[in-house]
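Working notes, beginning with the structure itself.
The values are calculated or read from the model by the stated rules, or taken from the named source; none is laboratory data. Note that the structure is predicted; figures quoted are calculated from it, not measured. FYI the Cβ positions are ideal-geometry reconstructions off the backbone, even for glycines, and counts take in every protein chain you see.
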Amino acid sequence: MQKYVINGKKPLYGTVEISGAKNAAVAILPAALLVDGVCRIENIPQISDVTLILRILQELGADVRLINKNTVQIDSTHINRYHVPEKLSRQMRASYYFIGALLGRFGEAVVSMPGGCDLGTRPIDLHIKSFQSLGASVNVVAGYVRASAPEEGLKGTSIYLDQASVGATMNAMLAASTAHGLTIIENAAKEPHIVDLANFLNAMGADIMGAGTDVIRIRGVRELHGGTYSIIPDQIEAGTYMAAVAAVGGDVIIKNVIPKHLDCISAKLMEMGVHVEEMGDAVRVRRMGELRRINVRTMPYPGFPTDMQPQIAACLCLANGTSMVNEGIWENRYRYVSEFRRMGARIQVDGKVAVIEGVDRLMGATLCACDLRAGAAMVIAGLAAEGTTEISRIHYIERGYEKLVEKFQGLGADIKLVEQPDDETRPHSRAV
Ligand code: EPU
């Protein structure tokens with residue numbers, strides 16, 4: 001076991017380079033299964049979720065070669081299995097993309113129900129309905145999703161999503177890419193990673209239009225061919241460094257970003273009094289004075305992302321006045337609150353609303369990461385706090401942030417990765 005040890009209150013200065021987008025990579029890598037040939041995928045982040053996906057691809061029979069630390073070559077020509085083992089798929093949410101990809105390639109998929117961060121109930125009914133609309137029979141038996149296309153293959157159809165689900169939109173795109181005829185997804189999600197998956201599939205010969213709007217049209221093609229593709233930069237990783245500068249202070253250039261994807265985050269930071277300046281494929285973030293209170297409501301893209309809610313809450317703990325946060329996507333995304341309170345934060349949670357009364361200072365404490373973004377928010381709070389903060393269960397954070405310690409050290413932060421004796425880990429309290 002390892003933990004982070006942070007000595008806070010050191011303003012951040014310098015330049016940080018953003019890695020490839022986790023939530024694009026975890027869909028695009030399984031999508032390589034649809035290709036009867038070789039895909040070279042660049043700008044993949046070095047994070048544990050990506051390592052797991054690559055292991056699943058290998059278990060299924062793909063030839064996976066790391067060309068360099070951020071480029072992988074996947075040859076799916078000889079894949080002959082469509083059963084994703086439980087021990088791998090239960091460790092992450094995104095294993096559900098193997099259902100759409102295997103169904104599209106073989107007309108069969110057996111995938112254990114996905115795991116991932118505990119953010120409340122995380123149903124996959126919309127994924128299942130989409131596969132069924134395409135003609136597949138889908139059963140959930142003994143913890144496994146078993147999907148099977150009819151003999152004549154999947155057939156294009158009209159899919160209306162009751163909620164603009166990221167995962168269901170991507171899974172429907174995967175399965176429909178090689179279905180017969182036209183599929184129209186209505187009320188589709190519009191996140192940048194949806195567009196990235198569509199661009200990847202189109203680069204491999206698919207025919208997908210409208211990704212990034214709420215109506216996506218997919219004309220099925222007989223087969224996909226190999227090619228090279230580079231994954232977009234991670235909107236949430238960039239947002240996390242932006243929030244860190246806001247909370248801790250300093251002047252940082254965040255490179256390798258698509259500033260348009262950051263507008264929803266920049267707007268809120270600017271409302272708090274933080275300077276955000278676009279510089280081509282970088283943004284410069286500076287905190288000059290005090291942070292102002294704001295209200296935040298998380299919404300599907302282009303609204304403020306739920307995956308940035310804990311990080312902005314860390315900033316609001318130190319803002320001038322009382323802020324309101326309204327979580328519009330997940331039912332249980334305030335598990336970090338009990339940890340922030342240990343640092344002196346004043347937060348009340350009532351259902352989906354958190355009321356945060358800004359305090360003059362946070363004090364370092366011993367914390368326990370409870371999910372990926374909550375863990376990232378604890379790092380921000382630790383960097384902004386007086387004294388020493390220790391964060392355990394950092395495997396959650398490493399699921400989604402490449403080289404977090406090195407990147408913050410490069411900005412002048414005093415953060416270290418240290419070995420932790422097993423008996424030091426405190427169970428996370430589930431008070432809120
Ligand atoms: N929903 C359903 N039924 C479904 C699918 C979703 O009711 O079949 C509901 C969910 O319960 C939730 C809402 O629809 O209330 C949105 O869920 P969505 O399907 O969009 O989420 P997801 O695909 O499971 C992805 C990201 C999450 C991110 C959400 C929202 C991946 C692997 N995960 O999850 O990322 O919070 O979209 O943007 O792409 C993270 O990176 O920390 C993370 C949790």
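Any residue at all in segment 32-52 that's of a type in the set (A, V, I, L, M), within 16 Å of the ligand (Cβ to nearest atom) and either in contact with a Cys (Cβ under 7 Å, 6 or more places away or on another chain) or under 23 Å from Ile253 (Cβ atoms) (or both)?
Checking segment 32-52: at least one residue is of a type in the set (A, V, I, L, M), within 16 Å of the ligand (Cβ to nearest atom) and either in contact with a Cys (Cβ under 7 Å, 6 or more places away or on another chain) or under 23 Å from Ile253 (Cβ atoms) (or both).
Can you work out which of the residues in segment 420-432 that are closer than 17 Å to His395 by Cβ and surrounded by fewer than 17 Cβ atoms within 10 Å (Cβ to Cβ) is modelled with the highest pLDDT?
Looking at the filtered set, the residue picked out is Pro421.
Output the number of residues of segment 59-77 satisfying the condition of being free of Cβ contacts under 8 Å to residues at least 24 places away in the same chain, surrounded by fewer than 16 Cβ atoms within 10 Å (Cβ to Cβ) and touching a strand residue (DSSP E or B) at 6+ places or on another chain (Cβ under 7 Å).
Of the residues in segment 59-77, 3 are free of Cβ contacts under 8 Å to residues at least 24 places away in the same chain, surrounded by fewer than 16 Cβ atoms within 10 Å (Cβ to Cβ) and touching a strand residue (DSSP E or B) at 6+ places or on another chain (Cβ under 7 Å).
Considering only residues that are of a type in the set (A, V, I, L, M, F, W, C), farther than 25 Å from Asp196 by Cα and in contact with a helix residue (DSSP H, G or I) (Cβ under 8 Å, 6 or more places away or on another chain), which ones fall in segment 130-184?
Once the filter is applied, which keeps residues that are of a type in the set (A, V, I, L, M, F, W, C), farther than 25 Å from Asp196 by Cα and in contact with a helix residue (DSSP H, G or I) (Cβ under 8 Å, 6 or more places away or on another chain), segment 130-184 yields Ala136, Val138, Val140, Val145, Ala147, Ala149.
Need at least 2 residues that are away from the ligand (no atom under 14 Å from the Cβ) and either closer than 23 Å to Arg342 by Cα or modelled with pLDDT of 95 or more (or both) per element, so show me which helices (runs of 4 or more DSSP H) inside segment 371-419 make the cut, counting only ones lying wholly within it.
Because the criterion is at least 2 residues that are away from the ligand (no atom under 14 Å from the Cβ) and either closer than 23 Å to Arg342 by Cα or modelled with pLDDT of 95 or more (or both), the helices (runs of 4 or more DSSP H) in segment 371-419 that meet it are 372-384, 404-410.
Yes or no, residue by residue, for (1) modelled with pLDDT of 95 or more; (2) buried (at least 20 other Cβ atoms within 10 Å of the Cβ):
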{"residue": "Ala94", "(1), (2)": "no, yes"}
{"residue": "Thr121", "(1), (2)": "no, no"}
{"residue": "Ser130", "(1), (2)": "yes, yes"}
{"residue": "Ser133", "(1), (2)": "yes, yes"}
{"residue": "Ser137", "(1), (2)": "yes, no"}
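Please determine, by comparing only the residues of segment 339-382 that are touching a residue at least 60 places away in the same chain (Cβ under 8 Å) and surrounded by fewer than 19 Cβ atoms within 10 Å (Cβ to Cβ), which one is farthest from the chain's Cα centre (by Cα).
Filtering first and then ranking leaves Thr366.
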